[in-house]
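One structure is given here, and the rest of the page talks about it.
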Amino acid sequence: MPALCKRRGKLRWRAKVIIDGQTKATKWFGEGKQGGKEYKKAVAWEEEKRKAILSTPRTEIPTNSLTIRRWINTYLNDVKRRFIKKTYKEKWAAFKKFLEYYDKDSAVESIDVQGAMRVLQKQYDIRSGYAANKDRKNLASAWNWGMKFIPGFPDIPNPFLRVPKYPEERKPRYVPPEKDFWKVYEQTLGQDRLMLTAFLHLAARRGEIFRLRWQDIDWHNNQIRLFTKKTRSSSWKQNWIPMTTELKEELLKWHGEQPVSSEYVFVCIHTYEKGCKHVQYGQPFLNRQKFLPNLCEKAEVSEFGFHAIRHLSATILYKAGYKISTIQRILRHESPTTTERYLKSLGFDDEVLEAVETFSHRNKKDNVVQFPATKKAPEVKSSRA
C-alpha cells in the first residue's frame, strides 16, 4: 500500500511494488489525505505495475547466462566514456523505463519482441510517439552494441527494431522573423547584447558559445575557434570561423569592460538570474533557461531559444543566395546532406521551390481556357412596387 513520506520538504504518497522481497518499481505522487485523489492514483499505479511485472515471462537463468544488469552496466559505462553527458542521461532514462517491465537479474534471452513492444507501447501511450521512437532507437543501439562487444550475447534479431516505429506529431521548427530578433536585441546591453551578436554571426550552438574562451579569438587574423562534439565519433573538433567587423568591435569592448577576470568570454555576472548561483559568479554559464523567454516577453514577440538563432542565421544566408556548400561550412556540418536536411526542415527545398514557380511563369493569354458563350437569361421584373 502507498506510504505517506517526506520528499523535498513535502509529504507525498510513495507507491512501491515489492515482489519476492525485492523492490521492483517506485513512483511518487502528490500530497493529500488517505483516500484522496493522489492516494487513489498511487494505489491504482501499484496494482497496474504489479500485474505488468508478473505478466512478464520470467525464465530460469543458467549459470553462464548474461543478465540484463550486466548488459546495461557494460553498455552505459562505454557510453559514459565516449559521449557527452546529455547523451548518457538520455540512454540511462530509456533503460530506467525499460526496467519497470523487466527484472535486471533476468537473462537477456528473456527479452522478446512482445516484451519490447509492451515497453515502447506504454511510452507511446503516456508520453508521445516521438518519445517512444527515441527509446526504441536507444534500446536498439544498446542491443546491437551488445552483439558486437559482449561475449555470449544472444545471437537473435534485435527485438526493438522488430517493433515498428510509432506515428509522431512533431511541431515544425520555429524560426523567428529577423525583425523579431532585432526587437529582442534592442532589449539588451553589454554582455547580453554581445552574446546575441555572437550567436547570429557565428551560427553557433549554445555549448559552443558558453565554452568560448579569450584564447579562442585570433584578433590578428579576425577569426574565432569553436569546439563541438557533434561529430560521428563524438570526439572534440575545432573549427575556425571568420569574425565579422561588428562582432570584433563588440568583443574588444567587452574585453575591456568585463567585471571579473576570467578565461571565458561569457560568465555569470547576474547572481539573480536562474543558472547563475552565487557560487558560480565569474564562472561560465551552465544554462540560461529564462534569458531569451524573458527578453521575448519584454519585446512582445513569439518566444524562441538559442538554437532558433542558428536556424535564423541559416535562413538569412539561404535567402541571400549562398550555396549549400558555403552554408555547410558556416554551420560546420560534416556532410552537405546534413545541411540539405537542415534547410528542408526550415522549409527550404530548391527543387520544390523551382517546381511550384512554374505556376507563375505561364503565358496567361495562351493558356486561358475559352468556354462557349451561353445565352443571357431573360430579365425578371420585380413584382415589388
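The values are calculated or read from the model by the stated rules, or taken from the named source; none is laboratory data. Keep in mind it's a predicted model, so treat the numbers as computed, not measured. Virtual Cβ from ideal backbone geometry, glycine too; neighbours counted across all protein chains shown.
Values for this structure:
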quantity	calculated
Options Phe181, Phe160; residue that is surrounded by 19 or more Cβ atoms within 10 Å (Cβ to Cβ), closer than 30 Å to Glu250 by Cβ and modelled with pLDDT of 90 or more	Phe181
Some residue of the stretch 14-24 being outside the structural domain of Lys229 (by TED's automatic domain parsing), at pLDDT 80 or above and either assigned to a loop (DSSP other than H, G, I, E, B) or charged (D, E, K, R) (or both)	yes
Residues of the stretch 203-225 satisfying the condition of being within 21 Å of the chain's Cα centre (by Cα) and of a type outside the set (Phe, Trp, Tyr)	Ala203, Ala204, Arg205, Arg206, Gly207, Glu208, Ile209, Arg211
Those residues of the stretch 298-307 which are assigned to a helix (DSSP H, G or I) and surrounded by 19 or more Cβ atoms within 10 Å (Cβ to Cβ), in sequence order	Phe306
Residue within the stretch 45-62 that is out of contact with any strand residue (DSSP E or B) (no Cβ under 6 Å at 6 or more places or on another chain), polar (S, T, N, Q), exposed (fewer than 12 other Cβ atoms within 10 Å of the Cβ) and modelled with pLDDT under 75 present	no
Cβ-Cβ under 6 Å pairs, at least 6 apart or on other chains, the stretch 113-133 side assigned by TED's automatic domain parsing to the domain that holds Ala93 and in contact (Cβ under 8 Å) with a residue 24 or more places away in the chain, far side polar (S, T, N, Q) and part of a helix (DSSP H, G or I)	Ala132/Gln123
Check on Ala94, at pLDDT 95 or above, touching a Lys or Arg at 6+ places or on another chain (Cβ under 9 Å) and not polar (S, T, N, Q)	yes
The one condition in (1) out of contact with any Leu (no Cβ under 9 Å at 6 or more places or on another chain); (2) closer than 22 Å to Ala314 by Cβ; (3) of a type in the set (Lys, Arg) that Arg225 fails to fulfil	(1)
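Table: residues versus (1) acidic (Asp, Glu); (2) not assigned by TED's automatic domain parsing to the domain that holds Lys319.
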position: Asp103; (1), (2): yes, yes
position: Ser110; (1), (2): no, yes
position: Met147; (1), (2): no, yes
position: Pro157; (1), (2): no, yes
position: Val184; (1), (2): no, no
